[in-house]
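The values are calculated or read from the model by the stated rules, or taken from the named source; none is laboratory data. Computed from a prediction, not measured in an experiment: that's the story for all the values here. Methodologically, a virtual Cβ is constructed for each residue, glycine included, from the backbone with ideal geometry; neighbour enumeration extends over all protein chains shown. When the accessible area is computed, the model is the full protein with side chains, heavy atoms only, and any ligands, DNA or RNA have been set aside. Shrake-Rupley method; radii C 1.70, N 1.55, O 1.52, S 1.80 Å.
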Amino acid sequence: MTRLDEVGKYWDSVYDKFHASNPSRTSVWNEKPHPFFSRYIDFLKHKGVKNVLDAGCGEGREIKPFYDAGFHIIGVDASKSALKKFREHFKGSKNVTLVHALLENLPIEPESTDALICYHVLTHIREVDKVLGNFYAILRNGGYALLEFTSKKDSTYGQGERLSDREFLQHGVYLRYDEPADIERMLKKFEIVSPFTSEYITDPPHGAGYIREKRHRHHSYFVIAQRRKG
């Protein structure tokens with residue numbers, strides 16, 4: 001079994017169990033997209049962005065406002081079940097490209113992406129520096145990465161088996177919690193073009209297939225990073 005198969009199998013189970021028992025809900029995670037990303041749609045249009053990649057797209061909740069605004073959408077996820085739901089929600093649109101892959105092995109052409117978003121995914125990535133390097137590689141010169149980093153203020157911080165001050169295994173699921181100094185270090189190749197945004201959001205239960213079966217509160221730092229022009 002490949003690493004993609006292994007990771008995909010876990011997340012497939014999360015999506016399949018959730019949607020089997022919650023047919024009226026459109027997303028495992030939240031019903032509405034986080035407002036941080038969509039508030040920059042006009043900015044990205046002004047900068048000439050044509051395509052936007054959602055790294056760890058799930059069922060497509062976060063990217064829907066960008067689709068509605070006319071961008072070409074690229075969704076990348078390790079879960080085939082999530083991508084199936086994505087296709088259903090976007091009704092097979094030709095303005096959408098889906099890629100079944102791990103972010104650690106991102107099969108996207110270098111310098112082909114105008115902008116990307118990534119929400120509540122990097123917290124699960126052990127090889128985060130590799131993934132951020134992949135993001136840098138696929139962005140065109142001057143391209144934008146709109147990123148979320150889960151913080152130690154999150155209600156889930158400290159739960160599970162402690163691997164380090166920032167890392168935990170919670171029921172076998174890896175989570176990392178980053179503070180601004182950590183984020184600045186990880187983004188050293190990029191130019192950070194916006195102040196960190198500190199935001200709370202409350203999530204509904206994620207179903208019996210995942211580790212959060214009750215309503216809970218997240219805290220994250222959001223940032224816009226740009227591939228340096230040159």
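For L163, neighbours were defined as the other residues whose beta-carbon sits under 11 Å from its Cβ, and their charges (Lys and Arg +1, Asp and Glu -1) total +1.
The mean sequence separation of alpha-carbon pairs under 8 Å and at least six residues apart, normalised by the residue count of the chain, gives a relative contact order of 19 percent. Of the accessible area of the chain, computed with a 1.4 Å probe over protein heavy atoms only, carbon and sulfur atoms account for 50 percent. Computed from backbone phi with θ = phi - 60° and the Karplus coefficients 6.51, -1.76 and 1.60, the 3J(HN,Hα) list for segment 22-34 is 9, x, 8, 9, 8, 9, 4, 9, 7, 7, 10, x, 5 Hz; x is used for glycine and proline. Put the Cα centre of segment 152-189 next to the Cα centre of segment 17-48 and the gap is 23 Å. Shape of segment 162-209 from its Cα gyration tensor (a ≥ b ≥ c, root eigenvalues): rounded if a/c is under 1.5, otherwise prolate when a/b > b/c, or oblate? Note, shape of segment 162-209 comes out oblate.
Listed values (1) 48, 37, 29; (2) 46, 42, 35; (3) 66, 37, 35 include one computed from this model; for Cα extents along the principal axes in Å that value carries the label (2). Dipole magnitude for the chain: computed about the Cα centre from +1 point charges on Lys and Arg Cβ and -1 point charges on Asp and Glu Cβ, it is near 400 debye. Estimated at 0.36 nm per residue, the fully extended path between K229 and A20 surpasses their Cα-Cα distance by 70.6 nm. Taking the DSSP bridge list for the chain and keeping only pairs wholly inside it, about 55 percent are antiparallel. With a Förster radius of 35 Å applied to the beta-carbon distance between S93 and E184, the computed FRET efficiency rounds to 0.40.
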